[in-house]
Each structure stands twice: as structure tokens, then as C-alpha cells.
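Asker: One structure coming up, written as C-alpha cells, with questions to follow.
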Amino acid sequence: MLDVNLGGERIDSLADLLMAQRVPMVFVTGYGASEVDRRFAAPVLQKPFDECQLVQAIERAGYRVPATTT
């Protein structure tokens, strides 16, 4: 998970490195999906988000989230 704007700095260069290594990513932003460059074909979560949205985004990124038992 990458916050699009972390401490006033964009994370595009880190995302480029991860993309080059084929690391699945999920972007998090309080500004909207339009803040994520289109070259990053990754799910975008709008803050605030809930647990269900988080799980869905992680699964769309290519990870399988194990079911929890209570």
C-alpha cells in the first residue's frame, strides 16, 4: 500500500521501482483516483475506507486474502 502523497511528497518514483519489479500495489489517497498516474495499473482506495474496501483492493492487486474465523 502506497499513500500517494506522503508528508507532502509524491511516491511516484517508489511506485516506478515497485512496478519494474512487478510488485503488486494499492494506492491510498485523500484526493481522489485522478491523483494516481495512469501508468500505474493498480487499485486506488479513497480515504477514508473500510475493511471490506481494503480487502477488495488487495485482492484486485493480485493477493489472496485468507478468510478469518471468529
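Asker: If I filter region 28-41 down to residues being buried (at least 17 other Cβ atoms within 10 Å of the Cβ) and in contact with a helix residue (DSSP H, G or I) (Cβ under 8 Å, 6 or more places away or on another chain), which single residue comes out as farthest from Ser13 (Cα to Cα)?
Answerer: Thr29
Asker: Additional query: Just to be sure I understand the filter: pairs with C-beta atoms under 7 Å, separated by 6 or more residues or on different chains, first member in region 13-26 and in contact (Cβ under 8 Å) with a residue 24 or more places away in the chain, second member of a type in the set (Phe, Trp, Tyr) and open to solvent by less than 80 Å² (accessible area, probe 1.4 Å). Which pairs pass?
Answerer: So the pair list comes out as Ala15/Phe40; Met25/Phe40.
Asker: Of the conditions (1) open to solvent by less than 60 Å² (accessible area, probe 1.4 Å); (2) not in a loop (DSSP other than H, G, I, E, B), Met25 clears all except one; give me its number.
Answerer: Going through (1) open to solvent by less than 60 Å² (accessible area, probe 1.4 Å); (2) not in a loop (DSSP other than H, G, I, E, B) one by one, Met25 breaks only (2).
Asker: Moving on. Please go through region 42-70 and pick out each residue that is aliphatic (A, V, I, L, M), surrounded by 14 or more Cβ atoms within 10 Å (Cβ to Cβ) and assigned to a loop (DSSP other than H, G, I, E, B).
Answerer: Listed by number, the residues that qualify are Ala42, Ala61.
The values are calculated or read from the model by the stated rules, or taken from the named source; none is laboratory data. From a predicted model like this one, the values you see are computed outputs, not experimental measurements. No Cβ is skipped: glycine too gets one built from the backbone with ideal geometry, and neighbour counts run over all protein chains shown. Ligands, DNA and RNA are stripped out before the accessible areas are found, and what is left, the full protein with its side chains, is counted by its heavy atoms. Shrake-Rupley method; radii C 1.70, N 1.55, O 1.52, S 1.80 Å.
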